[in-house]
Ligand code: XUL
Ligand code: CO
């Protein structure tokens, strides 16, 4: 049945008999080698997990996580082509045996890579059955194995989530579906996954509203649908509290794809939604930069906005292609973009209980098994280099100082009143009568950009 052939290497960094040799790349654990040759891509030149930068280890600043769906369920198929990524351990059936074998390989892969977290959708790890009861039984079996492998490897669950978008039943949405029957199915699915999150010690739980949107306004009652989503989230909060699941609830904004318009368009839309429905004490945001650029913003925009409103919970660390308008889910390999993200993370004192989850897939042309490892190593090293740069920018305080100075007029008597919301129009008018016309203040964009560039070697 299976084309699985164990690799011939004997090295294992896990100490667990079940994991030995399952991921067929002959390496115990990706080492830190700051002086490695440029061509040695199976080592970190910048990521030294236990090195302390600004009071925390690199590992603690970044909290890297491997996502199961792309890395272990990705096939390389696209709308124009068949799968290209045939993995030696995966017989491409929906059997439980295949699911279990795949999971063992995943934990060996993560151990070799040296990440401490993983993430998954319910349907990534266990096949769907004929009924919800059967589906839940499959899931329970896989959760038992995941729990065992988590204990053996020390790898923890950053977050789990529900796939409420792939099955045909969800073609008109899940919580926003016009059919109550589908709404109820989605609720039952989330109920089960909150229980799974509790069992596996998930530090967060994510909602990505893949089909919570519309294709045409002609058939859509938008107010009814958004109200339904809010009720769905209230039920999730109630159930989470009832069973004592302590993970942070997160919403992941995305403007479109697969629907033409998604209600969780971008960070500010989600923040307004949470505040409108009184959900902002129970939810934070999981920001994915490729979704941010899809919404027409720059790479770090939503990370900045969510953090500014103290609602940045976690990051699905990836990137798009700046010359395309799609969600390409590429590995984040741009040091400058990553440094802008890490500066925000430093400024807010860390991401915990969130992390940097690699919601990324290797290109369908990157067909070697070793590409799975190289892609993660490259992205982790990109973020490690970015953290080092961001720490220098923060420690120097030059750009922060310039920005602060730009707003210094607000520390005057009137400015302080404006900031605390007690100033009046009459006072502002008096201020102008006394001080005359304002002079121009240069925004100095090019000066900021020039200084920023000097931190990148
Ligand atoms: C889709 C996406 C999802 C969520 C989890 O664009 O980002 O993988 O992260 O459902
Ligand atoms: Co994502």
Hey, how many Å between the Cα centroid of the range 330-404 and the Cα centroid of the range 162-219? 30
On Cα atoms only, tilt of 425-435 relative to the major axis of the chain in degrees: 60
Calculate how many DSSP beta bridges within the range 232-389 are antiparallel, expressed in % of all such bridges and rounded to the nearest 5. 10
Using a 10 Å cut-off around each Cβ, can you sort 53, 251, 237 from fewest to most neighbouring Cβ atoms? 237, 53, 251
Taking 0.36 nm per residue of sequence separation and subtracting the Cα-Cα distance, how much length would be gained by fully extending the chain between residue 37 and residue 238, in nm to one decimal? 67.0 nm
Once you have the Cα-Cα distance between residue 457 and residue 180, take 0.36 nm times their residue separation minus that, and quote the gain in nm to one decimal. 94.0 nm
At a 10 angstrom cut-off on C-beta neighbours, averaged per residue, how do the peptides 110-121, 175-186 rank from highest to lowest? 110-121, 175-186
Any idea what angle helix 180-199 forms with the longest principal axis of the chain, computed on alpha-carbon atoms, 0 to 90 degrees, nearest 10? 80
Out of all DSSP beta bridges with both ends in the chain, state the antiparallel percent to the nearest 5. 20
Residue 218 versus residue 151, label points 7 Å from Cα toward the beta carbon: distance in nm? 5.8
When 40, 122 are ranked with the fewest other C-beta atoms within 10 Å first, the list becomes 40, 122
Describe numerically, in nm with one decimal, the distance between label points set 7 Å from Cα along Cα→Cβ at residue 231 and at residue 171. 2.5
Give, in nm to one decimal, the length gained when the segment between residue 407 and residue 96 is fully stretched (0.36 nm per residue of separation minus the Cα-Cα distance). 106.0 nm
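Read the figures in this text as sums done on the coordinates, not as results from a lab. All of these numbers come straight from a predicted model, not from anything done at the bench. Using ideal geometry, Cβ is built from the backbone for each residue, glycine included, and neighbour counts are taken over all protein chains shown.
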